[in-house]
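Down below is the structure, laid out as structure tokens.
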Protein chains: 2
Amino acid sequence: MKAISYDRPALTVLLRDHQIAPTHQRLEIAYALFSRGRHLSADQILAFVNERHAETSKATVYNTLNLFRDRGLIREVIVDPRRVFYDPNTEPHQHLYNVDTGEITDIAAAALTVTGLPELPPGMVTEGVDIIVRVRAGGDRVR
Amino acid sequence: MKAISYDRPALTVLLRDHQIAPTHQRLEIAYALFSRGRHLSADQILAFVNERHAETSKATVYNTLNLFRDRGLIREVIVDPRRVFYDPNTEPHQHLYNVDTGEITDIAAAALTVTGLPELPPGMVTEGVDIIVRVRAGGDRVR
DNA sequence: TCGTTAAATTAGACAAAGTCCAGTCATTGA
DNA sequence: TCAATGACTGGACTTTGTCTAATTTAACGA
């Protein structure tokens, strides 16, 4: 995350930079994610955006999140089979996932090194490497 | 995967070793997974098991897969937000996921090294580290 | 200002994956 | 044989996400 302030004008610029027309709803959704800087599900975002008075539909939230993701503004985090989380941090980094609470925490990419990635079949391109450290509270047995 | 033969008696032993009563349905489901040695979704397993004549319900397939997972007989692979895949290989290894085709391939764990995993908060235990290399066919741009 | 147009948004129907429940069936042991 | 326990079942239900057709909005030129 390069910037620190996520007020309306800053977000407008951010969207424009990513070829996204900054509509009211899109700014609200961007604000929900970037101001919190946390990993949120579509449902949570929908709730945040309509907290005061309903102003954004479910379809728009989903459309917008997919658009943001396609344009590289946010990143999808797939750790919970039940729903996708969205991450406003697109810098390379990895995730710590608390299996009990569902909480997701970032791990600085610098801290992690992966060596020995296999040679890809010809014509294949790496889209990304996701690393998820699954943790839970309690005992010392791994299930 | 330790054994090579996955006939009925071998699977019966395998289930017993994991404290699972070997019923007909459970053996069928285990056979579907282990004989193919591939990553299958619950839906695919349901289809395989009922290929000849319907003999296992959806509920049983889901219950059984969850049971197998809890008992450490198989492993869940969470790469596709639309469904969970089940992996009969519980040896440490990682996954290559073809975003276009949905195909999942194993990467031998030996090939990969991860260093710099962060110190866990006190009382936390690592349940596992999942590494997913997302690849796709074509160009050279990453989206 | 008005009308045109294209893009964005909407409600609600729909689809798919997975869970739940209450009833039935099977197996075991006395 | 019977009771008890565990396993299985169909189907209703829930949740996440997509789709569609209709409406709204915004931009722009005349």
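The values are calculated or read from the model by the stated rules, or taken from the named source; none is laboratory data. These figures come from a predicted structure and were not determined experimentally. So basically every Cβ, Gly included, is an ideal-geometry build from the backbone, and we count neighbours across all protein chains shown.
Checked against the criteria, residue A:86 does not count as modelled with pLDDT of 95 or more, closer than 25 Å to residue B:84 by Cβ, assigned to a helix (DSSP H, G or I) and within 15 Å of DNA strand D (Cβ to nearest atom).
Cβ-Cβ contacts under 8 Å between residues 6 or more apart (or on different chains), taken from a first residue in segment B:10-37 that is acidic (Asp, Glu) to a second residue that is within 15 Å of DNA strand C (Cβ to nearest atom), are listed as B:28/B:49; B:28/B:55; B:28/B:56. In this structure, residue A:41 does satisfy being away from DNA strand C (no atom under 13 Å from the Cβ), within 14 Å of chain B (Cβ to nearest Cβ) and within 30 Å of residue A:81 (Cα to Cα).
Looking for something within 10 Å of another protein chain (Cβ to nearest Cβ), in contact with a Leu (Cβ under 6 Å, 6 or more places away or on another chain) and closer than 16 Å to residue B:40 by Cα - is there at least one such residue anywhere in segment B:62-84? Scanning segment B:62-84 turns up no residue that is within 10 Å of another protein chain (Cβ to nearest Cβ), in contact with a Leu (Cβ under 6 Å, 6 or more places away or on another chain) and closer than 16 Å to residue B:40 by Cα.
For segment A:55-80, which positions are outside any helix (DSSP H, G or I), within 23 Å of residue A:12 (Cβ to Cβ) and either at pLDDT 95 or above or among the small types (Gly, Ala, Ser) (or both)? A:56, A:57, A:71, A:72, A:73, A:74, A:75 - these are the residues of segment A:55-80 that are outside any helix (DSSP H, G or I), within 23 Å of residue A:12 (Cβ to Cβ) and either at pLDDT 95 or above or among the small types (Gly, Ala, Ser) (or both).
When the test is whether a residue is surrounded by 13 or more Cβ atoms within 10 Å (Cβ to Cβ), away from DNA strand D (no atom under 14 Å from the Cβ) and over 12 Å from the mean Cα position of the chain (by Cα), residue A:50 passes it. All told, residue A:131 falls short of being surrounded by fewer than 19 Cβ atoms within 10 Å (Cβ to Cβ), β-branched (Val, Ile, Thr), within 15 Å of the chain's Cα centre (by Cα) and at pLDDT below 95. Restricting segment B:53-83 to residues that are acidic (Asp, Glu) and farther than 25 Å from residue A:76 by Cβ leaves a set whose member that is farthest from DNA strand D (Cβ to nearest atom) is B:70. Only one of the numbered conditions (1) within 13 Å of chain A (Cβ to nearest Cβ); (2) crowded, with 16+ Cβ neighbours inside 10 Å is not met by residue B:122, and that is (2). Out of the residues in segment B:102-117 that are part of a loop (DSSP other than H, G, I, E, B) and surrounded by 15 or more Cβ atoms within 10 Å (Cβ to Cβ), which is farthest from the other protein chains (Cβ to nearest Cβ)? Here the residue is B:117.
One residue stands out in segment A:1-24 among those that are assigned to a helix (DSSP H, G or I) and under 16 Å from residue A:69 (Cβ atoms): the one that is nearest to DNA strand C (Cβ to nearest atom), namely A:15.
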